């Protein structure tokens, strides 16, 4: 089975030893994603805007691997305050309302930097060829 790794170009990927996403066969796993643009946090103090940006990044990453948000079967959402659930859920629902992947949303004590309020992982499955 062929393995395809995608890098975001972030310097810590090599340091920590991970990829932005990995495709093996028809399965794609997208690493935890936060709201960045040009290496800087976006949507400060706005969990809705952060979720929108995160899903945009995930969608772009999936495209690089021959997939799309339509193929997502699972998301995992980590929030620094569970009171953000409605804002995060609204942005998630705007993208996935008709796709309806399995999902989890959990509160965590903190993320990699205090500016980040939300982090999301995704799993996508491509249709079997043949």
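Any chance you could give the angle, 0 to 90 degrees and rounded to 10, that helix 47-64 forms with the longest Cα principal axis of the chain? It works out to around 10 degrees.
Remark: 24, 77 ranked as 24, 77, counting other beta-carbon atoms within 10 Å and listing the fewest first. Sorted ascending by nearby beta carbons within 10 Å, beginning with the fewest, 38, 81, 71, 46 become 38, 81, 46, 71.
Remark: relative contact order (the chain) = 31 percent; criterion is Cα-Cα distance under 8 angstrom and separation of 6 or more residues.
How would you classify the chain from its alpha-carbon gyration tensor, with a ≥ b ≥ c the square roots of the eigenvalues: rounded for a/c under 1.5, else prolate if a/b is greater than b/c, otherwise oblate? Judged from the Cα gyration tensor, the chain comes out oblate (a/c at least 1.5, b/c at or above a/b).
Helix 85-96 and the long axis of the chain differ in direction by around 30°, with both axes built from C-alpha atoms. When shorter helices are ignored and each DSSP H run of at least 4 residues is given -39500 (n - 2.57), the per-residue value for the chain at 222 nm works out to -8500 deg cm²/dmol.
In terms of surrounding Cβ atoms within a 10 Å radius of their Cβ, 85, 12 rank from fewest to most as 12, 85. Using the Cβ-Cβ distance between residue 15 and residue 110 with R0 = 22 Å, the FRET efficiency computed as 1/(1 + (r/R0)^6) comes to roughly 0.65. Among 94, 70, 107, the largest mean-square fluctuation in a Gaussian network model of the chain (Cα springs under 10 Å) belongs to 94.
The numbers here are math on the coordinates, done by the rules we state, and not lab data. Please read all numbers here as calculations on a predicted model, not as lab measurements. Counting neighbours? That spans all protein chains shown, and the Cβs are built from the backbone with ideal geometry, glycine included.
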